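Below is one structure, written out as C-alpha coordinates; the observations come after it.
The values are calculated or read from the model by the stated rules, or taken from the named source; none is laboratory data. Everything numeric in this text was worked out from a predicted model, so none of it was measured. Counting neighbours? That spans all protein chains shown, and the Cβs are built from the backbone with ideal geometry, glycine included.
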Amino acid sequence: ILACDGSSPADPGDDVFFTIYFLSFGNRPINNISICDFVPDNTTYVANSMESNLGNAGDTVLTDTDADTDGAQQFAAGATPGAPCPGVGNTDGGVLINIPGTAGNATAPGTPTSSFGYVRFTVVVD
(Lines give C-alpha, C1' and ligand atoms only; values in the text may rest on other atoms or scores of the structure.)
Protein backbone atom coordinates (compact mmCIF):
# COMPACT_ATOMS: atom_id res chain seq x y z
CA ILE A 1 0.00 0.00 0.00
CA LEU A 2 1.32 3.42 -0.91
CA ALA A 3 0.92 6.57 1.15
CA CYS A 4 -1.77 8.98 -0.06
CA ASP A 5 0.83 11.08 -1.87
CA GLY A 6 1.94 7.96 -3.79
CA SER A 7 5.59 8.62 -3.01
CA SER A 8 6.36 5.92 -0.48
CA PRO A 9 4.99 2.85 1.18
CA ALA A 10 2.43 3.63 3.84
CA ASP A 11 3.60 3.27 7.42
CA PRO A 12 1.60 1.97 10.40
CA GLY A 13 -0.83 4.66 11.48
CA ASP A 14 -1.08 6.25 8.01
CA ASP A 15 -4.52 6.87 6.51
CA VAL A 16 -5.14 5.43 3.05
CA PHE A 17 -8.10 6.61 0.98
CA PHE A 18 -9.81 4.18 -1.39
CA THR A 19 -11.85 5.70 -4.20
CA ILE A 20 -13.77 3.51 -6.64
CA TYR A 21 -14.93 5.31 -9.78
CA PHE A 22 -17.75 4.09 -11.99
CA LEU A 23 -19.07 5.01 -15.42
CA SER A 24 -22.34 3.93 -16.97
CA PHE A 25 -21.21 3.15 -20.48
CA GLY A 26 -23.56 1.09 -22.58
CA ASN A 27 -26.94 1.06 -24.21
CA ARG A 28 -29.05 1.90 -21.19
CA PRO A 29 -28.88 3.59 -17.78
CA ILE A 30 -27.99 1.74 -14.58
CA ASN A 31 -30.46 1.89 -11.71
CA ASN A 32 -29.62 1.52 -8.01
CA ILE A 33 -25.86 0.88 -8.11
CA SER A 34 -24.34 -1.39 -5.44
CA ILE A 35 -20.59 -1.45 -4.80
CA CYS A 36 -18.91 -3.82 -2.37
CA ASP A 37 -15.24 -3.68 -1.40
CA PHE A 38 -13.28 -5.54 1.24
CA VAL A 39 -10.90 -3.80 3.63
CA PRO A 40 -7.35 -4.73 2.61
CA ASP A 41 -5.21 -6.97 4.81
CA ASN A 42 -3.13 -5.19 7.46
CA THR A 43 -5.50 -2.22 7.59
CA THR A 44 -8.47 -1.19 9.70
CA TYR A 45 -11.56 0.61 8.40
CA VAL A 46 -11.98 4.18 9.72
CA ALA A 47 -15.48 4.53 11.21
CA ASN A 48 -17.98 6.64 9.27
CA SER A 49 -15.53 7.40 6.44
CA MET A 50 -17.78 6.33 3.54
CA GLU A 51 -18.92 8.84 0.92
CA SER A 52 -20.63 8.58 -2.44
CA ASN A 53 -21.16 10.87 -5.38
CA LEU A 54 -23.29 10.47 -8.50
CA GLY A 55 -22.38 12.95 -11.22
CA ASN A 56 -21.93 16.48 -9.97
CA ALA A 57 -24.36 16.07 -7.08
CA GLY A 58 -21.66 16.59 -4.44
CA ASP A 59 -20.41 14.18 -1.80
CA THR A 60 -22.91 12.34 0.33
CA VAL A 61 -21.49 11.34 3.72
CA LEU A 62 -22.70 7.87 4.73
CA THR A 63 -23.00 6.09 8.06
CA ASP A 64 -21.72 2.62 8.86
CA THR A 65 -24.97 1.03 9.99
CA ASP A 66 -27.39 -0.91 7.83
CA ALA A 67 -30.23 0.13 10.17
CA ASP A 68 -30.63 3.58 8.59
CA THR A 69 -31.72 4.63 5.12
CA ASP A 70 -28.52 5.99 3.54
CA GLY A 71 -27.81 2.74 1.68
CA ALA A 72 -24.41 2.01 3.16
CA GLN A 73 -23.00 -0.37 5.72
CA GLN A 74 -19.66 -1.40 7.10
CA PHE A 75 -19.41 -5.08 7.93
CA ALA A 76 -17.07 -6.93 10.24
CA ALA A 77 -14.45 -9.54 9.42
CA GLY A 78 -16.06 -12.87 8.64
CA ALA A 79 -19.52 -11.36 8.15
CA THR A 80 -21.58 -12.42 5.16
CA PRO A 81 -23.64 -9.35 4.28
CA GLY A 82 -25.21 -11.02 1.23
CA ALA A 83 -25.44 -9.98 -2.38
CA PRO A 84 -23.50 -8.37 -3.90
CA CYS A 85 -20.84 -8.96 -1.22
CA PRO A 86 -19.72 -12.57 -0.98
CA GLY A 87 -18.28 -13.53 2.41
CA VAL A 88 -15.44 -15.53 0.88
CA GLY A 89 -12.04 -14.18 1.86
CA ASN A 90 -13.51 -11.51 4.12
CA THR A 91 -10.70 -11.40 6.69
CA ASP A 92 -10.81 -7.68 7.58
CA GLY A 93 -14.41 -6.62 6.93
CA GLY A 94 -15.62 -4.34 4.19
CA VAL A 95 -18.12 -1.81 2.96
CA LEU A 96 -21.31 -2.03 0.92
CA ILE A 97 -22.54 1.19 -0.65
CA ASN A 98 -25.87 1.39 -2.46
CA ILE A 99 -26.39 4.48 -4.58
CA PRO A 100 -30.05 5.16 -5.28
CA GLY A 101 -31.18 6.72 -8.49
CA THR A 102 -30.09 6.31 -12.07
CA ALA A 103 -26.71 6.63 -13.73
CA GLY A 104 -27.56 7.66 -17.29
CA ASN A 105 -25.62 5.91 -20.04
CA ALA A 106 -22.67 8.02 -21.19
CA THR A 107 -22.97 9.45 -24.70
CA ALA A 108 -19.78 11.55 -24.53
CA PRO A 109 -17.18 12.37 -21.85
CA GLY A 110 -19.11 13.81 -18.90
CA THR A 111 -22.47 13.58 -20.70
CA PRO A 112 -24.83 13.21 -19.02
CA THR A 113 -23.34 14.28 -15.70
CA SER A 114 -25.26 11.46 -13.99
CA SER A 115 -23.29 8.85 -15.98
CA PHE A 116 -20.34 8.74 -13.59
CA GLY A 117 -19.52 8.89 -9.92
CA TYR A 118 -17.51 7.34 -7.15
CA VAL A 119 -17.57 5.83 -3.68
CA ARG A 120 -14.84 6.40 -1.13
CA PHE A 121 -13.72 5.13 2.27
CA THR A 122 -10.64 5.36 4.50
CA VAL A 123 -8.51 2.76 6.26
CA VAL A 124 -5.57 3.11 8.62
CA VAL A 125 -2.47 0.93 8.19
CA ASP A 126 -2.00 -1.50 11.09
* Quick one: what pairs do we get from the range 90-115, first residue closer than 18 Å to D59 by Cα, second among the acidic types (D, E) and in a strand (DSSP E or B), C-beta under 7 Å, 6+ apart or different chains? -> V95/D37
* **Number of the exception - D66 against (1) closer than 29 Å to V125 by Cβ; (2) modelled with pLDDT of 85 or more; (3) charged (D, E, K, R)** => (2)
